[in-house]
Amino acid sequence: MTTSRSTAEWQALDAAHFLHPFTDFQSLAARGSRVITKADGIWLTDSDGQRILDAMSGLWCVNVGYGQQALVDAATQQLRELPFYNAFFQTATPPAIELAALLAEVTPPQFRHVFFAGSGSEGNDTVVRMVRRYWDLMGQPQRQVIISRVNAYHGSTMAGASLGGMSGMHAQGGLPIPGIVHIQQPYWHEHGRHLSKDEFGFVAARWLEDKILEVGPDKVAAFIGEPVQGAGGVIVPPATYWPEIQRICDRHGILLVSDEVITGFGRTGHWFGCETQGFRPDLMTFAKGVTSGYLPLGGVMVGERVARVLIEHGGEFNHGYTYSGHPVACAVALANIRLIQSLGLVEHVRDDVGPYLAERFEALRGHPLVGDVDTCGMMAALLLVKDKTDGTPFTPDLGLGMVCRGHCFREGLIMRAVGDRMIVAPPLVMTRADVDHMMDLIHRCLDLTL
Ligand code: PLP
């Protein structure tokens with residue numbers, strides 16, 4: 001339990017001791033953090049008592065919303081029974097075993113095995129180790145190169161940030177690590193406005209083939225991508241993109257990795273984003289929505305192509321984390337997945353609230369500041385433009401996003417700005433009435449930005 005303090009007291013203590021992730025420490029000290037003290041459903045409360053609609057599900061993770069008693073009960077019971085034991089050296093705990101089996105049930109049929117980690121970043125570190133190990137075991141140790149995309153986000157560890165394509169992250173700490181190369185992202189506004197979106201999907205997928213041929217097909221181990229780029233600004237690729245990526249990977253025998261850390265567990269209207277986008281990955285990273293963020297957990301689903309080789313020919317896999325298969329996190333994940341099933345949340349997103357969110361975002365095209373909208377299940381983005389009538393060429397960041405974000409902050413809405421893309425990824429439990437409420441707030445903030 002924490003002590004009760006005023007906002008000013010929290011802020012002073014925070015600035016004195018807490019180095020926040022992805023934060024300019026000077027401006028944090030000058031402005032002070034917003035201290036979130038409680039949450040329920042889709043609403044947060046801050047230390048001043050202001051209610052805030054959380055249209056970002058925490059950090060893309062609170063899929064079932066806040067305050068779900070079943071998850072609290074699962075954690076409490078497991079903490080009492082067995083708060084920790086590891087999965088190293090031929091030991092296991094019931095929640096980790098049961099979760100592995102349930103994940104095999106809800107993921108696409110090629111997945112029967114899971115490797116647990118503590119987060120999405122750790123999951124992607126595991127991907128790097130695993131794909132390289134696979135090719136060693138296949139007698140092709142020269143296949144080391146992993147291809148990823150500009151503006152992708154795959155985490156913050158050395159391997160995760162190297163797989164990611166965020167230039168700001170590469171600039172600090174000597175990244176990327178060797179053997180990771182990037183191709184351009186499938187962002188139509190920046191690279192394809194002279195083409196139809198479908199034509200552009202083929203063009204953008206061909207950048208992968210060009211890179212494979214440049215590196216040498218016998219040197220490429222894998223391609224990794226988010227089905228919908230999340231942190232990059234909810235970049236929804238054209239429908240033609242992923243099926244063509246699949247064909248290219250198949251043609252060259254390259255492993256296809258889907259980073260489902262955001263798109264997993266119902267967010268896109270299927271259990272996993274690869275199902276929405278129509279491709280069949282060999283490996284799949286997950287985190288966030290697996291526990292709805294109530295406790296940290298991540299991992300990699302390992303398809304049979306890779307699992308068979310690792311299991312039958314791999315010997316000991318010299319890799320793992322203290323918290324791989326943490327029993328309390330796994331117990332919460334079990335309760336969370338069962339709740340997603342019993343509430344029918346995947347169907348709710350696919351058939352009801354997802355299409356409704358898309359309809360309401362489409363209507364925003366009428367707003368003078370909105371140049372385009374993109375949606376996929378419970379992820380949505382709008383592109384802010386200065387003047388959509390004058391044919392001004394697309395510029396990635398006019399600075400409008402930060403202005404709009406400031407208004408959201410004051411109006412009690414968590415909506416994120418990525419350049420001039422304003423994005424949301426609200427809890428999947430939202431009702432149509434909740435969407436209406438969120439859209440009223442979005443309208444108000446857009447009008448204030450005008
Ligand atoms: N992969 C994707 C697609 C993500 O969006 C994130 C986090 O936002 C990660 C990986 C890293 O996950 P974590 O922050 O749990 O390490």
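Values in this text are rule-based calculations from the coordinates and carry no lab data. Remember, it's a predicted structure, so these values are computed and weren't measured experimentally. Glycine also receives a Cβ, built like all others from the backbone with ideal geometry; neighbour counts cover every protein chain displayed.
Evaluating Leu369 against the criteria (1) over 19 Å from Tyr187 (Cβ atoms); (2) out of contact with any strand residue (DSSP E or B) (no Cβ under 7 Å at 6 or more places or on another chain); (3) surrounded by 14 or more Cβ atoms within 10 Å (Cβ to Cβ) leaves one unmet condition, (2).
Does Ala221 satisfy being in contact (Cβ under 8 Å) with a residue 60 or more places away in the chain and away from the ligand (no atom under 16 Å from the Cβ)?
Working: in contact (Cβ under 8 Å) with a residue 60 or more places away in the chain: yes; away from the ligand (no atom under 16 Å from the Cβ): yes.
Yes, satisfied.
Evaluate the following for Gly289: is it within 27 Å of Trp188 (Cβ to Cβ), within 20 Å of the chain's Cα centre (by Cα) and part of a helix (DSSP H, G or I)? Yes; evaluated as a whole, the condition is true for this residue.
Are any residues in the range 98-122 of a type in the set (Asp, Glu) and in contact (Cβ under 8 Å) with a residue 24 or more places away in the chain, and if so, which ones?
Start the filter on the range 98-122 by keeping residues that are of a type in the set (Asp, Glu), which leaves 98, 105, 122.
Hits for the range 98-122 are Glu98, Glu122.
Anything in the range 225-261 that is of a type in the set (Asp, Glu) and either surrounded by 24 or more Cβ atoms within 10 Å (Cβ to Cβ) or touching a strand residue (DSSP E or B) at 6+ places or on another chain (Cβ under 6 Å) (or both)? List them, or say none. Steps first, please.
Applying the first criterion (of a type in the set (Asp, Glu)) to the range 225-261 yields 226, 244, 250, 259-260.
Hits for the range 225-261 are Glu226, Asp259, Glu260.
Reported count of residues in the range 282-309, each being within 16 Å of the ligand (Cβ to nearest atom) and free of Cβ contacts under 8 Å to residues at least 40 places away in the same chain, is 0. Taking the condition of being within 22 Å of Asp352 (Cβ to Cβ) and either buried (at least 24 other Cβ atoms within 10 Å of the Cβ) or in contact with a strand residue (DSSP E or B) (Cβ under 7 Å, 6 or more places away or on another chain) (or both), how many residues in the range 275-287 meet it? The qualifying residues number 2.
Listed by position, the helices (runs of 4 or more DSSP H) contained in the range 45-148 that have at least 1 residues being within 16 Å of the ligand (Cβ to nearest atom), hydroxyl-bearing (Ser, Thr, Tyr) and closer than 21 Å to Ala329 by Cα are 57-60, 120-137. What about Gly179, is it at positive phi, more than 16 Å from the ligand (Cβ to nearest atom) and either in contact with a strand residue (DSSP E or B) (Cβ under 8 Å, 6 or more places away or on another chain) or touching a residue at least 24 places away in the same chain (Cβ under 8 Å) (or both)? It is true that Gly179 is at positive phi, more than 16 Å from the ligand (Cβ to nearest atom) and either in contact with a strand residue (DSSP E or B) (Cβ under 8 Å, 6 or more places away or on another chain) or touching a residue at least 24 places away in the same chain (Cβ under 8 Å) (or both). Scanning the range 1-40 for residues that are surrounded by 12 or more Cβ atoms within 10 Å (Cβ to Cβ) and over 25 Å from Ala55 (Cα atoms) yields Arg5, Glu9, Ala12, Leu13, Ala15, Ala29.
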